[in-house]
Amino acid sequence: MIISQYPARLSSKIMLSTNTVQLGFTLEGEEKFEFTAGQFIQLIFEKDGETFKRSYSIANAPADFAQTGELEIALSFVDNGVASELFKSEDVGFKLKIAGPFGALTLPKDIPGQLILAGTGTGLAPYRSMIPELKKLVGDGTRVTVLMGFRQRDEGIYIDDFKQLANVDYRICLTQEESVKDHENEFEGRVQMQFDDLNLNSDSDIIYLCGNPGMIDDSVSLLRNEGFSPRQIKREKYNFSGH
């Protein structure tokens, strides 16, 4: 299969937290780009004469992209990461190529039970892209819970986007805070520790997992032990080394 590559430029940079930046890219070619909420793109860029490829989930909804012409991604800075160092210094106007879209972390047409979206760090980006669809699901009576995992409170991203969703439960899971704020829906520990409180039904519920590979592997093990089949667990791992 031939994968299209689109000429693009960096069109915006917004710090989301102490260690994460939202990057906006505008496509400059004539070829039409379309994607489904939950998919990801690949950034193709040159640094010191070498070509690099890095993959990131699209963080804004398809309708938003259609209106603004800008694709948004969230990038967490890591020490000595190629993309991290590049986008720390490069400003609006930087030229690169974008390939995609890729991935199947998309919502099904029918959800018989409740929908759980568990993500750590930038693993929340694909769920943010789904927000218009989540509104429709909740309106049709589907119970939706978003589990957001961060080490510390100041690393949180896209929390307000999910807070503003009516009738969507959200839980902020913090692993390295001395105390949590109950009134802010904060919980101590990892996102997978919340499964026991969600009255999960292995016959009908669907669980999405995105982000840290350790969280995903542990969650899959827990869910499989509870009788969840592979078709009920959709996952996408983020491997941070080399970013």
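Please go through the range 151-188 and pick out each residue that is surrounded by 14 or more Cβ atoms within 10 Å (Cβ to Cβ), in contact (Cβ under 8 Å) with a residue 60 or more places away in the chain and in contact with a Ser or Thr (Cβ under 7 Å, 6 or more places away or on another chain). If the condition is that a residue be surrounded by 14 or more Cβ atoms within 10 Å (Cβ to Cβ), in contact (Cβ under 8 Å) with a residue 60 or more places away in the chain and in contact with a Ser or Thr (Cβ under 7 Å, 6 or more places away or on another chain), then Glu155, Gly156, Ile157 are the ones that fit. The criterion of being surrounded by 19 or more Cβ atoms within 10 Å (Cβ to Cβ), modelled with pLDDT of 95 or more and over 20 Å from Leu107 (Cα atoms) does not hold for Leu71. Counting only strands (runs of 3 or more DSSP E) wholly contained in the range 1-60, the ones carrying 2 or more residues that are over 19 Å from Gly81 (Cα atoms) and not charged (D, E, K, R) occupy 5-15, 20-27. When we screen Ile157, Ile172 for residues that are outside the structural domain of Phe65 (by TED's automatic domain parsing), part of a loop (DSSP other than H, G, I, E, B) and of a type in the set (A, V, I, L, M), the only hit is Ile157.
Surrounded by fewer than 19 Cβ atoms within 10 Å (Cβ to Cβ), over 20 Å from the mean Cα position of the chain (by Cα), among the basic types (Lys, Arg) and more than 18 Å from Glu236 (Cβ to Cβ): does that describe Lys47? It is true that Lys47 is surrounded by fewer than 19 Cβ atoms within 10 Å (Cβ to Cβ), over 20 Å from the mean Cα position of the chain (by Cα), among the basic types (Lys, Arg) and more than 18 Å from Glu236 (Cβ to Cβ). If we scan the range 202-217, do we find a residue that is farther than 25 Å from Ser76 by Cβ, within 22 Å of the chain's Cα centre (by Cα) and not in a helix (DSSP H, G or I)? Yes, some residue in the range 202-217 is farther than 25 Å from Ser76 by Cβ, within 22 Å of the chain's Cα centre (by Cα) and not in a helix (DSSP H, G or I). Per this entry, Ser17 is not counted among residues that are within 15 Å of Gly100 (Cα to Cα) and either assigned by TED's automatic domain parsing to the domain that holds Thr122 or among the small types (Gly, Ala, Ser) (or both). Figure legend. Inter-residue proximity from the range 121-133: first residues under 15 Å from Val168 (Cβ atoms), second residues β-branched (Val, Ile, Thr) and part of a helix (DSSP H, G or I), beta-carbon distance below 9 Å, spacing 6+ or different chains. Indicated pairs: Leu124/Ile159. Residue-level check: of (1) closer than 28 Å to Gln192 by Cα; (2) touching a residue at least 24 places away in the same chain (Cβ under 8 Å); (3) not acidic (Asp, Glu), Lys95 misses just (1). Residue count for the range 83-101 satisfying the condition of being surrounded by 15 or more Cβ atoms within 10 Å (Cβ to Cβ), on the phi < 0 side of the Ramachandran plot and either outside the structural domain of Glu30 (by TED's automatic domain parsing) or in a strand (DSSP E or B) (or both): 5.
Scanning the range 108-120 for residues that are over 23 Å from Gly214 (Cα atoms) and touching a residue at least 12 places away in the same chain (Cβ under 8 Å) returns Pro108, Ile111, Pro112, Gly113, Gln114. On inspection, Glu236 does not qualify as among the charged types (D, E, K, R), in a helix (DSSP H, G or I) and in contact with a Leu (Cβ under 7 Å, 6 or more places away or on another chain).
The values are calculated or read from the model by the stated rules, or taken from the named source; none is laboratory data. These figures come from a predicted structure and were not determined experimentally. Methodologically, a virtual Cβ is constructed for each residue, glycine included, from the backbone with ideal geometry; neighbour enumeration extends over all protein chains shown.
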